[in-house]
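Data block below; observations after.
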Amino acid sequence: MNMKTGTMEFEGHRIRIYTAGSGPTLLLLHGVGPGTSIPANFSAVTDVLAQSYSLVGMDLIGFGESSRKTKDPFFDFELWVRQAMFVVNEVRIRTGETSLRVWGHSLGGAIALRLAAALPFISQVAATGTGGGQHRVNPPLDKFWTFPESPAQLKDAMMSSMLDPAAVTDDLVSARYALLQQGDIGPYFARMMSGDKQALLDSARLDPALLAGIESQVLLIHGRDDKPCPAEENALYLSRLIPRCDAIVLGRCGHNPAREYPAKTAQLVLAHFAQPV
């Protein structure tokens, strides 16, 4: 499905907005990586999700078709949280809905949990390959957070995050690499990820007290073989601290369940959202 696109303005930045489907609103939040965007993270599941929900996705500032920051830090977790809160509130005002659902992938999962902690009307959260836990930067994450100088390097980085090599298609690599060649996207990403990557990762770590205060129903889906973002240090750790939280670990699955097992992942998320609040 080709999602419709539009824009919003936030703190002097243009935000690319994607919409599709009909029904209650489901906000989608992507992760942080070379060439990532809403389509890059969620295109494998948008068709089935749009049958039940009005999808609203946004490219984080500095990614996809959203505008860039002009001053450091380019890796700005707090800005991305504020951006997500802004879009959620705009959607709520326009639709009049009293409760909203959010699905975040990777670092987008950590953003989704921050939203749930701050906004009582976030009734349900799903997160795949979520960050926000206690893990250290490891070689696969370091590789994925390094600007690729060629399609081969990008493919190698993406292979480190997926268990099944067949999921990293040449078309997927070509599309992401082409995006990185547009304008200042490549140099911007390189500058974003320069310096102390552990400090960047730590900036998205979620405080235990914050997690304990989340009242939303939460589902964490994580690949057992997620190398850059291990389940034990993220989903399983977080699930012990969030009161109403289920964690599902998928065998033979890497960092992106929605791309590696789209039908199964969509089914689990839809069943979670179908539960009475």
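The values are calculated or read from the model by the stated rules, or taken from the named source; none is laboratory data. What you are looking at is a predicted structure, and each value in this text was computed from that prediction instead of being measured. As a convention, Cβ positions derive from the backbone with ideal geometry for all residues, glycine included, and neighbour counts pool all protein chains shown. Side chains are part of the model used for accessible areas, which takes the heavy atoms of the whole protein and leaves out ligands, DNA and RNA. Shrake-Rupley method; radii C 1.70, N 1.55, O 1.52, S 1.80 Å.
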Among residues other than residue 124 whose Cβ falls under 10 Å from its Cβ, what is the net charge (Lys/Arg +1, Asp/Glu -1)? +2
Can you report the principal axis dimensions of the chain using only the alpha carbons, biggest first, rounded to whole angstrom? 47, 39, 35
Accessible area in square angstrom per residue, the range 88-184, 1.4 angstrom probe: 41 Å²
May I ask you to give the percent of accessible area on the range 40-164 that is carbon plus sulfur, with a probe radius of 1.4 Å? 51 percent
For the range 104-178 and the range 1-38, what is the separation of their Cα centres, given in Å? 16 Å
Mind checking which lysines have their C-alpha under 20 Å from residue 197, skipping anything on the same chain fewer than 8 residues away? 69, 71, 143, 227
